[in-house]
Amino acid sequence: MRRLIPSTGTPASFFDLVRAYLPVGGERRFEEAFCRWAGSPWCRFVNSGTTALYLILKALRTLRPDRDEVLLPAYTAPSLVLPIRRAGLRPVLCDVDLETLNADLTDAGGRLTPRTLAFLMIPMYGLPCDAAEARRMAERYGAFLVEDAASAMGSRMDGRMAGTRGDVGFLSFNRGKNLSTVSGGVVLTDREEIQQAVAAQCATLPAASLRAEVRLGVRAFALALAVRPFWYTLLHGTISRFKYTSLHTDFEMSRYTDFQARLGFSLLRCAETFLTQRHKNGILLYNILSNTEGVALPRILPGAHVVFNQFPVLLSDPETRDAAHRAVLKAGVEATTLYPEPIHRLYGDLGYGRDPDPFPGATAVSRRLLLLPTHPLIEASRLREAGEAVIRAVKR
Ligand SMILES: Cc1ncc(COP(=O)(O)O)c(C=O)c1O
């Protein structure tokens with residue numbers, strides 16, 4: 001039988017799991033190792049990237065209580081609206097640049113105001129943003145630059161890791177990310193006043209329940225199986241039932257667990273190998289698809305080293321995108337189309353109209369984007385098949 005290739009995956013080994021299950025070491029040790037790895041003087045782990053953003057915003061609000069707006073691109077994880085609102089703040093959207101697939105900085109510049117608490121810079125799919133320009137813009141309005149590097153672990157620009165290029169940043173360790181401890185998030189900052197403010201917020205978090213800890217242990221095992229093509233093919237029907245298909249309406253907050261910290265510590269030891277493989281897989285797809293008429297690839301900024309969480313391809317129209325998607329799936333490679341709608345269309349209560357579309361770039365991305373997998377468990381031959389399937393669909 002043809003092996004199916006899942007869309008995401010961290011290759012946790014049997015030994016990583018055994019090390020995690022043994023009660024030796026915990027959060028402190030992972031914290032030190034992660035700071036060293038990221039080149040950051042300080043970090044704190046929490047149960048998710050969403051919680052990390054919530055705590056960051058609460059912390060920043062204590063430093064600038066007169067500000068209540070958070071600026072973010074209209075095409076990104078829609079669940080980001082939840083922590084912004086829970087922190088008592090108002091999401092303000094900007095458009096997306098079809099060349100970089102990140103925030104359109106010209107549009108963003110016009111939406112910063114003296115009420116902006118934070119500008120959320122989001123290196124989508126692992127593509128680093130122009131942090132120098134984003135910082136200049138945020139500083140002009142006295143806003144904080146927050147880097148949401150949830151899906152950009154290992155990407156860097158001018159020698160600085162994604163997550164450390166703003167005033168404060170965070171990464172996610174959920175099951176689709178470059179390093180996964182089933183769930184989890186980490187806050188990074190070199191600014192002492194922000195460290196103290198975030199630490200004060202972290203101190204309010206409850207510990208994970210015993211039930212949640214047991215669930216994490218079971219899920220880590222299931223996930224280690226599910227990311228391997230052999231098991232993925234065998235268990236595909238069951239795994240499909242556990243995929244997210246609806247919009248999140250809430251999120252739980254708790255501390256990171258020692259089990260997750262031990263798993264993260266073990267995975268971090270071989271992170272360079274699997275992050276490098278993601279980079280290479282992305283470059284291979286880039287080379288296969290470049291110069292194909294009807295396929296737009298993202299512009300990679302000079303000085304950027306991209307660790308692709310998935311490889312983004314922009315097709316000329318929604319029909320061609322859907323045809324390419326079907327063709328890649330038929331080749332047994334699980335491509336995805338990510339979020340079906342931009343944030344302003346999903347959350348009508350944000351007050352943006354639809355006609356004329358205030359964020360045409362974001363809407364275009366939602367309709368024309370296809371993501372190909374880049375995780376380290378996919379062989380080069382299968383990547384070539386996926387790339388060729390896209391080319392065939394476009395030429396038809
Ligand atoms: C860009 C971005 N930010 C934040 C998050 C939230 O992270 P988590 O799932 O760990 O809460 C995600 C999740 O996929 C994401 O893609």
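Observations on the model:
- Among the residues listed as Val333, Val390, Val313, the single one being under 17 Å from the mean Cα position of the chain (by Cα) and buried (at least 20 other Cβ atoms within 10 Å of the Cβ): Val313
- In the range 276-294, of all residues being crowded, with 21+ Cβ neighbours inside 10 Å and in contact with a strand residue (DSSP E or B) (Cβ under 8 Å, 6 or more places away or on another chain), the one that is nearest to Leu55 (Cα to Cα) corresponds to Gly282.
- Any chance Leu120 is surrounded by fewer than 24 Cβ atoms within 10 Å (Cβ to Cβ) and either within 15 Å of the ligand (Cβ to nearest atom) or of a type outside the set (Phe, Trp, Tyr) (or both): no
- Some residue of the range 11-29 being touching a residue at least 12 places away in the same chain (Cβ under 8 Å), of a type outside the set (Lys, Arg) and within 16 Å of the ligand (Cβ to nearest atom): no
- For the range 275-290, the set of residues classified as hydrophobic (A, V, I, L, M, F, W, C) and in contact with a helix residue (DSSP H, G or I) (Cβ under 7 Å, 6 or more places away or on another chain) consists of Leu284, Leu285, Ile288, Leu289, listed by residue number.
- Options Thr273, Thr320; residue that is crowded, with 18+ Cβ neighbours inside 10 Å and over 16 Å from the mean Cα position of the chain (by Cα): Thr320
- Taken together, Asn178, Asn174 contain a single residue that is assigned by TED's automatic domain parsing to the domain that holds Trp37, in a loop (DSSP other than H, G, I, E, B) and surrounded by fewer than 22 Cβ atoms within 10 Å (Cβ to Cβ), which is Asn174.
- With respect to the conditions (1) among the small types (Gly, Ala, Ser); (2) surrounded by fewer than 24 Cβ atoms within 10 Å (Cβ to Cβ); (3) outside any loop (DSSP other than H, G, I, E, B), Gly142 falls short on a single one, namely (3).
- Residue satisfying all of: in the range 187-242; hydroxyl-bearing (Ser, Thr, Tyr), touching a residue at least 24 places away in the same chain (Cβ under 8 Å) and out of contact with any strand residue (DSSP E or B) (no Cβ under 8 Å at 6 or more places or on another chain); surrounded by the most Cβ atoms within 10 Å (Cβ to Cβ) among these: Thr233
- Residue match in the range 202-215 (condition: at pLDDT 95 or above, part of a helix (DSSP H, G or I) and either within 25 Å of Asp16 (Cβ to Cβ) or within 16 Å of the ligand (Cβ to nearest atom) (or both)): yes
- Flag if Ala222 is closer than 21 Å to Leu17 by Cβ, within 16 Å of the ligand (Cβ to nearest atom) and part of a helix (DSSP H, G or I): no
- Check on Thr337, free of Cβ contacts under 8 Å to residues at least 60 places away in the same chain, within 30 Å of His236 (Cα to Cα) and not charged (D, E, K, R): yes
- Whichever residue in the range 154-172 is hydroxyl-bearing (Ser, Thr, Tyr) and within 13 Å of the ligand (Cβ to nearest atom) and, among such residues, is nearest to Pro128 (Cα to Cα): Ser155
- Counted residues, the range 50-66 - those being within 16 Å of the ligand (Cβ to nearest atom) and touching a strand residue (DSSP E or B) at 6+ places or on another chain (Cβ under 8 Å): 7
- Among the candidates Phe308, Phe274, residue that is modelled with pLDDT under 95 and under 15 Å from Gly9 (Cβ atoms): Phe274
- Being more than 16 Å from the ligand (Cβ to nearest atom) and at pLDDT 95 or above is true of Tyr141.
- No other residue among Arg175, Arg135 is within 16 Å of the ligand (Cβ to nearest atom) and among the charged types (D, E, K, R) apart from Arg175.
- Options Pro41, Pro23, Pro11, Pro65; residue that is within 15 Å of Val186 (Cα to Cα) and surrounded by fewer than 22 Cβ atoms within 10 Å (Cβ to Cβ): Pro41
- Filtering Glu69, Glu31 for residues that are in contact with a Ser or Thr (Cβ under 6 Å, 6 or more places away or on another chain) and farther than 30 Å from Val328 by Cα leaves a single hit, Glu69.
- Helices (runs of 4 or more DSSP H) enclosed by the range 270-352 - at least 1 residues per element that are acidic (Asp, Glu): 271-289, 318-330
- The criterion of being away from the ligand (no atom under 13 Å from the Cβ), of a type in the set (A, V, I, L, M, F, W, C) and outside any strand (DSSP E or B) does not hold for Ala150.
The values are calculated or read from the model by the stated rules, or taken from the named source; none is laboratory data. Quantities reported herein were computed from a predicted structural model and do not represent experimental measurements. Note: ideal-geometry Cβ built from the backbone for every residue, glycine included; neighbour counts use all protein chains shown.
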